[in-house]
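Below is one structure, written out as structure tokens, with a few remarks after it.
The values are calculated or read from the model by the stated rules, or taken from the named source; none is laboratory data. The structure displayed is predicted, hence computed values, not measured ones. When we count neighbours, we look across all protein chains shown, and the Cβ atoms used for this are built from the backbone with ideal geometry, even at glycine.
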Amino acid sequence: MCGGFTCSKNALIALNVLYIVVAFILIGVAVYGRAASLVTNLPIIGGILACGIILFLISVLGLLGAVKHHQVMLFFYMVILFLLFLIQFSVACACLGVNIAQQEQLAEQGWSRVDNNTRMKVQDVFTCCGFAESIDKTISPPSCENVNTRCCFSSNEKNCVCPQCMQKLQDTINYAFKLCGWIGLFFSLTEIAGVVLTRRYRNLTDPDEKLATAIFPRHNFTY
């Protein structure tokens, strides 16, 4: 880790520039998803957009504090970044710790909350019918005629039906949880590195101010 004032300053600026780039990526993905209707679950898009905006504001605060060596800005930046680290680290560990049974339970809860149009889109995209036996008993799946036609196009079975969506989505859901967990864990470690770097940078003395004080010493006049 950088030990000098200039090196610590440049490292903190570079770290916040990286955070700004990541924030713009999150905002862009959320806006594109909403505009193209790629994601039908609006709370997910709102969460991604909120994370991008919050990360952008924190990065701007840290960037200004690093450039100006402003003690108050750096203090609040360090506190907010540490709180963000705690939240993101906890969420990342939770994503990595979720097992297959818990993933299926969460997926069933999501399936029960969406409307039939969303269920039909899922069935059409993943070429599946229904979700799981445990939930299809209480929630009747949408019509599977078109999907079954696509599944059984090259099949010789008389009673051919598409597999349930949970069978198609299980690997995708597991991959998404693991990917989000590892990415969140990586960025949380960069955030704690930013906290340590900011704390060290706050305690360093600007050599320009030190030189100016040596050339023009401050005098206390008593009247």
Filtered residues of the range 53-83 (kept if free of Cβ contacts under 8 Å to residues at least 12 places away in the same chain and either in contact with a Lys or Arg (Cβ under 6 Å, 6 or more places away or on another chain) or more than 16 Å from PHE187 (Cα to Cα) (or both)): LEU57, LEU64, LYS68, HIS70, VAL72, VAL79
Some residue of the range 87-98 being part of a helix (DSSP H, G or I) and more than 23 Å from the chain's Cα centre (by Cα): no
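Does PHE89 count as farther than 16 Å from ALA14 by Cβ and in contact (Cβ under 8 Å) with a residue 40 or more places away in the chain?
Working: farther than 16 Å from ALA14 by Cβ: yes; in contact (Cβ under 8 Å) with a residue 40 or more places away in the chain: yes.
For PHE89, the condition - farther than 16 Å from ALA14 by Cβ and in contact (Cβ under 8 Å) with a residue 40 or more places away in the chain - is met.
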Scanning the range 121-145 for residues that are without any contact (Cβ under 8 Å) to a residue 24 or more places away in the chain and small (Gly, Ala, Ser), the one farthest from CYS160 (Cα to Cα) turns out to be SER140
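Just checking, which of VAL125, VAL195, VAL147 is loosely packed, with under 15 Cβ neighbours inside 10 Å and either modelled with pLDDT of 80 or more or in a helix (DSSP H, G or I) (or both)? Talk me through it step by step, then tell me what you get.
Working: VAL195 fails: loosely packed, with under 15 Cβ neighbours inside 10 Å; VAL147 fails: loosely packed, with under 15 Cβ neighbours inside 10 Å.
Just a single option satisfies the conditions, and that option is VAL125.
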